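The values are calculated or read from the model by the stated rules, or taken from the named source; none is laboratory data. What you see is a predicted model; the values in this text were computed from it and never measured. Cβ sites come from the backbone with ideal geometry, for glycine too, and all protein chains shown count toward neighbours.
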Amino acid sequence: MEHSFSHMQHTDAAHHLHPFSDNGELSRHGTRIISRAKGVYLIDAEGNQLLDGMAGLWCVNIGYGRQELIDAAIRQFHELPYYNSFFQCTTPPAIELAEMISALAPAHMNHVFFTGSGSESNDTVVRMVRHYWASLGYAGKNIIISRHNAYHGSTMAGASLGGMKPMHEQGGLPIPDITHIDQPYWFGEGRDEDPQAFGLRIAQQLEEKIAELGVDRVAAFIAEPIQGAGGVIIPPESYWPEIQRICDANDILLISDEVITGFGRLGHWFGADYFGITPDLMPIAKGLSSGYLPIGGVIVSDRVADVLKNRGGEFNHGYTYSGHPVCAAVAAANLRILKEEKIIEYVRNEIGPYLQAEWSKLGDHPLVGEARGAGMLGALELVASKDPVRLFDDTDAIGRLTRDLAIENGIVMRSVGSKMIISPPLVIRQSEVDELIRKAGATLDAIAARVL
Ligand code: PXG
């Protein structure tokens, strides 16, 4: 049997280097081969069914197996499989998608620059904000402030904007003129403080950093509305209004990284809508095509687009696959489904509140120090003791153990240190949420029996 499970595993180990993995260890343990999927369920090569609590990698918003996206791709492949958006050219799907996104974005944002991924979107952001200020005559205004434990991608600029220490340590990052302030992570870094006071204090680090660097040097602040890969870190309510005030008062650009929070995850089209933020730029990817094909972009405000168009001259930046017609056609089909099936409303009014009500009950478990969430995001903080809170000595080990046992129990959750994360497809039904919660609870019971 050429394609037996173990043969595929061997071949994978022999030839395939995996992202964010210890490839030596992975070769020894063997990879999990996911072969098929439907709705919210994955089927692996051994025939096991798994409820996908992570929507792939925070992206399969409409669930797996939607024929409309397959049809859109096939139609476009026949029509025009590829052409670029360089040299005064464009394609019908790129035009249609740019218009659709502009209509969904906040009223003051009406332009899109296309990319192939979230990382490329954030590389675009770095180039665009620096070009914006230079076009206005402020070439020295090029520092971008981000946050520790942020995730903005894995290219050189994306990883530099991100605040992941292990990424910076490999490859001499960050690149120049990117700096970081603290994250609004109340459970991890502010538990002894009133949450709102903590949120304000952390936001005010932005103002302090701008003053320290000089406002004539600072171009922009970038943040995820809710940090995803950092561990579903939800800022206290006081945080975002203060950040907005500081950006406005100092006239620096505000960038809301919507790669995870865009396209319905929080029951609004964008995280900016959820928090009432008015960004200048919004990098997007993932849910734009529900992950069916790679496509991303940067949604650009009128203020920035006007400068680019009227004073910027040539923007020396772009990708072969910017506005790829097949990816754009599939993304447009995905947006039509989100709209026509009222999936954003379903998240906001029905399944989001239901998931949050059920998820928060896991907070009573002896192993859980905090259960938090918003929309279709959730996190559990695993603790060795609840009162007083004491973390496990090896936070990564307990997270990995829990993740592995969750898979044995039939659900995919992601571990970030000792935080257990979910980000399920937005179309998940109540009965499937019940299954997710039941299996997460059973996993916690089994872990507690081993370690508490
Ligand atoms: N911004 C944010 C907020 C992201 O979450 C990116 C940018 C980069 O997107 P691309 O398409 O270049 O991967 C992301 C991606 C994880 C994990 O382990 C999260 C992401 C990617 C890979 C792994 O949680 N987020």
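The table for this structure:
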item	result
Residue pairs meeting the criteria (Cβ under 8 Å; at least 6 apart or on separate chains; first closer than 19 Å to Glu345 by Cβ and in the same structural domain as Asn61 (by TED's automatic domain parsing), in region 405-431; second of a type in the set (Ser, Thr, Tyr) and away from the ligand (no atom under 16 Å from the Cβ))	Pro425/Tyr64; Leu426/Tyr346; Val427/Tyr346; Gln430/Tyr354
Pair list, Cβ under 7 Å, 6 or more apart: region 283-308 residue touching a residue at least 40 places away in the same chain (Cβ under 8 Å), other residue more than 16 Å from the ligand (Cβ to nearest atom) and among the aromatic types (Phe, Trp, Tyr)	Val304/Tyr132; Val307/Tyr132; Leu308/Tyr132; Leu308/Phe315
Criterion (in contact with a Pro (Cβ under 6 Å, 6 or more places away or on another chain), surrounded by fewer than 21 Cβ atoms within 10 Å (Cβ to Cβ) and touching a residue at least 12 places away in the same chain (Cβ under 8 Å)) met by exactly one of Gly116, Gly140	Gly116
Tally, over region 63-99, of residues that are in contact with a Phe, Trp or Tyr (Cβ under 6 Å, 6 or more places away or on another chain) and among the hydrophobic types (A, V, I, L, M, F, W, C)	1
Leading residue by the ranking (farthest from Val125 (Cα to Cα)) among those in region 169-182 that are free of Cβ contacts under 8 Å to residues at least 12 places away in the same chain and more than 16 Å from the ligand (Cβ to nearest atom)	Glu169
Hey, Asp248 more than 16 Å from Ala203 (Cβ to Cβ) and more than 14 Å from the ligand (Cβ to nearest atom) or not	no
Tally of residues being out of contact with any strand residue (DSSP E or B) (no Cβ under 8 Å at 6 or more places or on another chain), among the aliphatic types (A, V, I, L, M) and assigned to a helix (DSSP H, G or I) across region 328-380	13
Conditions (1) assigned by TED's automatic domain parsing to the domain that holds Phe114; (2) among the hydrophobic types (A, V, I, L, M, F, W, C); (3) out of contact with any helix residue (DSSP H, G or I) (no Cβ under 6 Å at 6 or more places or on another chain); number of the one not met by Leu362	(1)
Residue tally, condition within 14 Å of the ligand (Cβ to nearest atom) and under 22 Å from Ser238 (Cβ atoms), over region 273-289	1
Conditions (1) within 16 Å of the ligand (Cβ to nearest atom); (2) among the aromatic types (Phe, Trp, Tyr); (3) part of a helix (DSSP H, G or I): number failed by Phe221	(3)
